[in-house]
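See below for the structure under consideration.
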Amino acid sequence: MSLRNAWDDHARSWIAWARAPGHDSYWQFHGRRFLELLPGPGRLTVDVGTGEGRLARDLRALGHPVVALDASATLARAAATGDDALPVVQAGAAALPLATGCADLVVAFMVLQDVDELEAAVAEAARLLDRRGVLCLAIVHPVNSAGAFEGEGREAPFVIGGSYTASTRYHDDVERDGLSMTFHSEHRPLQAYAEALEGAGLVVERIREVTVDDPEDRWRRIPLFLHLRARPG
Ligand SMILES: C[S@@+](CC[C@H](N)C(=O)[O-])C[C@H]1O[C@@H](n2cnc3c(N)ncnc32)[C@H](O)[C@@H]1O
């Protein structure tokens, strides 16, 4: 099954997961840390892979004129309805129905590890940028998706049991606080992202490796997420 279809199949679980107050890392620290990477509001901000729309709503509250897109019909509909409805288009990241050069900011928050066509998605994001525009990404850090802690302890070793360099699809079944979600993703080494950016004519101007805030947590030793900001070269 494609990653796109897998996400559509789990759309209802994702809406419940993403909208539960304080439930996941977005609400705890990750959303705030990502916002630190972004330039201020401009002409148009495009949120690719918006899901049910939480980041796009936060960006709009900060003054960004936002258009949001998602491949999943169920998620696009969720983002486009309700009290806080967004302007949303249902579209895959590899073919965005927006004009070339229309945006000064494109964001893809926790999306590119979940798309089938990485190079085409990055090329489409680059096409939307005007000459001074920036693309800001958050992904599962490739070290995180390559391995796992062996055991429960705080000092447990983090082990890459298989291959870091090979791209591999995987899924994670997670249950927390009465909610369950299956995440379908592809582990790709950092070089795959670097080559996609190079191929799209983008140069990296900022990289952040994101850990939890708590210095006692074992996820301070290993980065959970990678943040990257790039612009046309
Ligand atoms: C982990 S969720 C992130 C959603 C949102 N950005 C957030 O953080 O709340 C991944 C999203 O990527 C979307 N997605 C997967 N494949 C896609 C594709 N080819 N084009 C656009 N969106 C896609 C899924 O439908 C899902 O909404």
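The values are calculated or read from the model by the stated rules, or taken from the named source; none is laboratory data. For clarity, every value in this text was computed on a predicted model and none was experimentally measured. Note: ideal-geometry Cβ built from the backbone for every residue, glycine included; neighbour counts use all protein chains shown.
All told, ALA91 meets the bar of being surrounded by fewer than 21 Cβ atoms within 10 Å (Cβ to Cβ), at pLDDT 95 or above, touching a helix residue (DSSP H, G or I) at 6+ places or on another chain (Cβ under 9 Å) and not basic (Lys, Arg).
Okay, residues lined up against (1) out of contact with any strand residue (DSSP E or B) (no Cβ under 6 Å at 6 or more places or on another chain); (2) of a type outside the set (Phe, Trp, Tyr); (3) assigned to a loop (DSSP other than H, G, I, E, B):
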position	(1), (2), (3)
ARG154	yes, yes, yes
GLY162	yes, yes, yes
GLU186	no, yes, no
ALA192	yes, yes, no
ILE207	no, yes, no
LEU226	no, yes, no
ARG229	no, yes, no
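Note on region 20-127: enclosed helices (runs of 4 or more DSSP H) holding 3 or more residues that are within 12 Å of the ligand (Cβ to nearest atom) and more than 28 Å from PRO223 (Cβ to Cβ) are 73-79.
Assessment of region 128-146 against the conditions (touching an Asp or Glu at 6+ places or on another chain (Cβ under 7 Å), away from the ligand (no atom under 12 Å from the Cβ) and either among the basic types (Lys, Arg) or in a helix (DSSP H, G or I) (or both)) yields at least one matching residue. For region 7-19, a residue qualifies if it is more than 8 Å from the ligand (Cβ to nearest atom) and either closer than 21 Å to ALA125 by Cα or assigned to a helix (DSSP H, G or I) (or both), and the qualifying residues are ASP9, ARG12, SER13, ILE15, ALA16, TRP17, ARG19. Out of LEU37, LEU55, LEU59, one residue alone is in contact with a His (Cβ under 6 Å, 6 or more places away or on another chain), hydrophobic (A, V, I, L, M, F, W, C) and in contact (Cβ under 8 Å) with a residue 12 or more places away in the chain. It is LEU37.
Residues in region 20-33 that are within 25 Å of ALA73 (Cβ to Cβ) and under 16 Å from the mean Cα position of the chain (by Cα): ASP24, TYR26, GLY31.
If the Cβ limit is 8 Å and pairs must be 6+ apart or interchain, which residue in region 83-108 that is among the basic types (Lys, Arg) pairs with which residue that is assigned to a loop (DSSP other than H, G, I, E, B) and within 15 Å of the ligand (Cβ to nearest atom)? No pair meets every condition.
Results for (1) surrounded by 11 or more Cβ atoms within 10 Å (Cβ to Cβ); (2) among the aromatic types (Phe, Trp, Tyr), shown as yes or no for each residue.
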position	(1), (2)
GLU124	yes, no
ASP130	yes, no
GLY133	yes, no
CYS136	yes, no
ILE139	yes, no
VAL143	yes, no
GLU152	no, no
PHE158	yes, yes
ALA166	no, no
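Considered as a group, the residues in region 94-122 that are out of contact with any Ser or Thr (no Cβ under 9 Å at 6 or more places or on another chain) and farther than 25 Å from ALA73 by Cβ include one that is surrounded by the most Cβ atoms within 10 Å (Cβ to Cβ), and that residue is GLY101.
When THR50, THR100 are checked against the criterion of being within 15 Å of the chain's Cα centre (by Cα) and either of a type in the set (S, T, N, Q) or modelled with pLDDT under 95 (or both), THR50 stands alone in meeting it. Can you find a residue that is without any contact (Cβ under 8 Å) to a residue 12 or more places away in the chain and farther than 25 Å from ALA126 by Cα anywhere in region 203-216? The answer is yes, given that some residue of region 203-216 is without any contact (Cβ under 8 Å) to a residue 12 or more places away in the chain and farther than 25 Å from ALA126 by Cα. Mind telling me which of the residues LEU190, LEU197, LEU224, LEU202 ends up being within 19 Å of PHE109 (Cα to Cα) and either within 16 Å of the ligand (Cβ to nearest atom) or among the β-branched types (Val, Ile, Thr) (or both)? Result of the check over LEU190, LEU197, LEU224, LEU202: LEU224.
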